[in-house]
Amino acid sequence: MSDEHVTLEKAYPPAGGLEQSASSAVYDPEAPARRGGRFWSARRVPAAVLALLVLAASGLLLYDVAAVHARQQAMSWRRSLAEELASSRVDSVPVLAGASFAALLGVVLIVMALTPGLRTVLSMRRESPEVRAGLERSAAELVLRDRAMDVSGVQSVRVLVGRGKVRARAEAHFRDLDLVRADVDAALDEGIRQLGLDRPLSLSVHVRRPAKR
């Protein structure tokens with residue numbers, strides 16, 4: 001009981017498997033759980049920048065090709081580029097560097113196209129197929145922090161909510177650390193259940209004494 005800090009970790013089932021209680025009546029054990037799925041980012045800024053670059057490059061190249069067909073000289077940059085490509089070896093450093101950059105850019109674009117993004121939004125359990133709800137991590141952290149601060153003996157607390165884990169670091173200036181940790185764990189337990197998330201979350205609670213000044 002005299003330890004300077006106490007740590008506890010536990011795991012929680014998905015919201016759909018929780019039993020109904022007076023304080024969390026939204027959880028119905030008879031209702032099947034519906035996974036909401038991740039929220040996808042529109043990524044409008046990267047898409048707009050890429051579209052503008054492709055449009056500018058295509059328009060410039062089209063203008064130069066049309067000028068050549070109109071019996072005008074090609075632009076100097078295209079003549080220089082054609083001569084450089086004609087005289088360069090495939091295994092030369094500039095060619096390999098350009099190919100590597102193009103391949104890396106392509107991989108980045110593919111990853112951005114195939115991944116949801118919006119990691120700051122946590123999907124909530126779907127009660128209706130027509131409605132999808134999400135919760136910002138910052139909002140979940142604020143709710144759980146307020147719950148932990150209501151525990152007697154807690155002087156300060158920091159709560160971090162990740163994709164699969166909630167981490168709480170609290171300082172208790174009085175009461176036994178084991179008792180404070182148990183109460184914080186119970187408060188966050190109830191708070192996590194009432195968030196209504198559709199993915200299982202684990203909880204890590206760490207309680208210690210404030211640093212001496």
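The values are calculated or read from the model by the stated rules, or taken from the named source; none is laboratory data. Since the model is a prediction, treat every value here as computed from it, not as a measurement. As a convention, Cβ positions derive from the backbone with ideal geometry for all residues, glycine included, and neighbour counts pool all protein chains shown. Keep in mind that these areas ignore ligands, DNA and RNA; they rest on the heavy atoms of the full protein, side chains included. Shrake-Rupley method; radii C 1.70, N 1.55, O 1.52, S 1.80 Å.
Just name the residue that is most open to solvent (accessible area, probe 1.4 Å) out of those in region 62-81 that are hydrophobic (A, V, I, L, M, F, W, C) and within 44 Å of the chain's Cα centre (by Cα). Looking at the filtered set, the residue picked out is Leu62. I'd like to check something: does region 197-211 contain any residue that is in contact with a strand residue (DSSP E or B) (Cβ under 7 Å, 6 or more places away or on another chain), closer than 30 Å to Arg43 by Cα, modelled with pLDDT under 90 and hydrophobic (A, V, I, L, M, F, W, C)? Yes: region 197-211 contains one or more residues that are in contact with a strand residue (DSSP E or B) (Cβ under 7 Å, 6 or more places away or on another chain), closer than 30 Å to Arg43 by Cα, modelled with pLDDT under 90 and hydrophobic (A, V, I, L, M, F, W, C). Here Tyr27 fulfils each of the conditions (1) in contact with a Leu (Cβ under 7 Å, 6 or more places away or on another chain); (2) modelled with pLDDT of 70 or more; (3) among the aromatic types (Phe, Trp, Tyr) apart from (2). Selection over region 138-153 of residues that are open to solvent by 50 Å² or more (accessible area, probe 1.4 Å) and under 19 Å from the mean Cα position of the chain (by Cα) gives a count of 3.
Of all residues in region 75-103, those satisfying the criterion of being at pLDDT below 80 and assigned to a loop (DSSP other than H, G, I, E, B) are Ser88, Val90.
Could you list, in sequence order, all residues of region 154-182 that are surrounded by fewer than 21 Cβ atoms within 10 Å (Cβ to Cβ) and not in a strand (DSSP E or B)? Those that are surrounded by fewer than 21 Cβ atoms within 10 Å (Cβ to Cβ) and not in a strand (DSSP E or B): Gly162, Arg163, Gly164, His173, Phe174, Arg175, Asp176, Leu177, Asp178, Leu179, Ala182.
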